[in-house]
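Only one structure is covered here, and it is reproduced in the block below.
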Amino acid sequence: MIETAPAPPNTSTYDVHPGVSYVQAMLANLPRKTGKSLDEWVEVVRVSGPATDKERHAWLKTVHKLGNTYAGMVVERAAGRGWIDSDPNAYLLAAPVYVDAMYAGPKAALRPIFDELARLGRTLGPDVKVCPCETIVPLYREHVFAQIRPATNSRIDLGFALKDLTGAGRLISTGGFAKGDRITHRIPIASLAEIDEEVREWLTVAYEMDRG
């Protein structure tokens, strides 16, 4: 049986992404909803399924009537991937690797800016979670209220979830509200000196707007 470990005591710089518990819940419901456990579906794919990820995904949906998300999970595990998505320990090991990769090579000079933005985000409250993905680092309260993204080799975009709020100063609309995106505004930051009171104020507004 494939098991997922409970969340460990967190001594990491980062926090377990909320998506991990979502995937754990999905996998726990898999036998009830589909009649087979993840291990059993993986065995079905490896013994009887097509060769490629794309073909396997389509086969699980059309022949076995799995939903898109479940089919994707089975395909990932059948290929020996996807462990990080449901294992808090694995995620916390991967998180600093994601950040190091994001700020390697030509983006290395942006790392001090990232570190300061992550530190600033944590000062907003004890419920702030810093949860790296492969290309962005979201900041969570109940939901994502901000995200840190290396936009170019010389600039980080600090995004905010501000709904339809009208911005001023350096705040730029991303057009996200009209598209239904969570991140609706951003401030471009190219130096530590640009992490000023305006940046802190907008972070605070976004944090407060996500109050549960």
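The values are calculated or read from the model by the stated rules, or taken from the named source; none is laboratory data. Quantities reported herein were computed from a predicted structural model and do not represent experimental measurements. No Cβ is skipped: glycine too gets one built from the backbone with ideal geometry, and neighbour counts run over all protein chains shown.
Brief remarks on what is shown
Every residue, every condition in (1) touching a Cys at 6+ places or on another chain (Cβ under 7 Å); (2) at pLDDT below 90; (3) surrounded by 14 or more Cβ atoms within 10 Å (Cβ to Cβ), yes or no:
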position	(1), (2), (3)
5	no, yes, no
10	no, yes, no
14	yes, no, yes
26	no, yes, yes
35	no, no, no
45	no, no, yes
54	no, no, no
58	no, no, yes
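- A count restricted to the stretch 173-212 and to residues that are charged (D, E, K, R), surrounded by fewer than 15 Cβ atoms within 10 Å (Cβ to Cβ) and in a loop (DSSP other than H, G, I, E, B) stands at 3.
- Within the set 110, 60, 92, the sole residue that is of a type outside the set (Asp, Glu), outside the structural domain of residue 24 (by TED's automatic domain parsing) and over 19 Å from the mean Cα position of the chain (by Cα) turns out to be 110.
One line per residue, one yes/no per condition, for (1) small (Gly, Ala, Ser); (2) touching a strand residue (DSSP E or B) at 6+ places or on another chain (Cβ under 7 Å); (3) at pLDDT below 95:
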site: 81; (1), (2), (3): no, no, yes
site: 98; (1), (2), (3): no, no, no
site: 101; (1), (2), (3): yes, no, no
site: 114; (1), (2), (3): no, yes, no
site: 117; (1), (2), (3): no, yes, no
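- Applying a threshold of 9 Å to beta carbon distances and a minimum spacing of six or more residues, or different chains, the list of pairs starting in the stretch 65-86 at a residue that is surrounded by 18 or more Cβ atoms within 10 Å (Cβ to Cβ) and ending at one that is assigned to a loop (DSSP other than H, G, I, E, B) and hydroxyl-bearing (Ser, Thr, Tyr) reads 86/4.
- Taken over the stretch 150-172, the residue count meeting the criterion of being part of a strand (DSSP E or B) and over 20 Å from the mean Cα position of the chain (by Cα) is 2.
- Residues in the stretch 11-32 that are within 30 Å of residue 132 (Cβ to Cβ) and either over 19 Å from the mean Cα position of the chain (by Cα) or among the hydroxyl-bearing types (Ser, Thr, Tyr) (or both): 9 in all.
- Residues located in the stretch 96-140, provided they are over 19 Å from residue 197 (Cβ atoms), β-branched (Val, Ile, Thr) and surrounded by 19 or more Cβ atoms within 10 Å (Cβ to Cβ): 99, 130, 137
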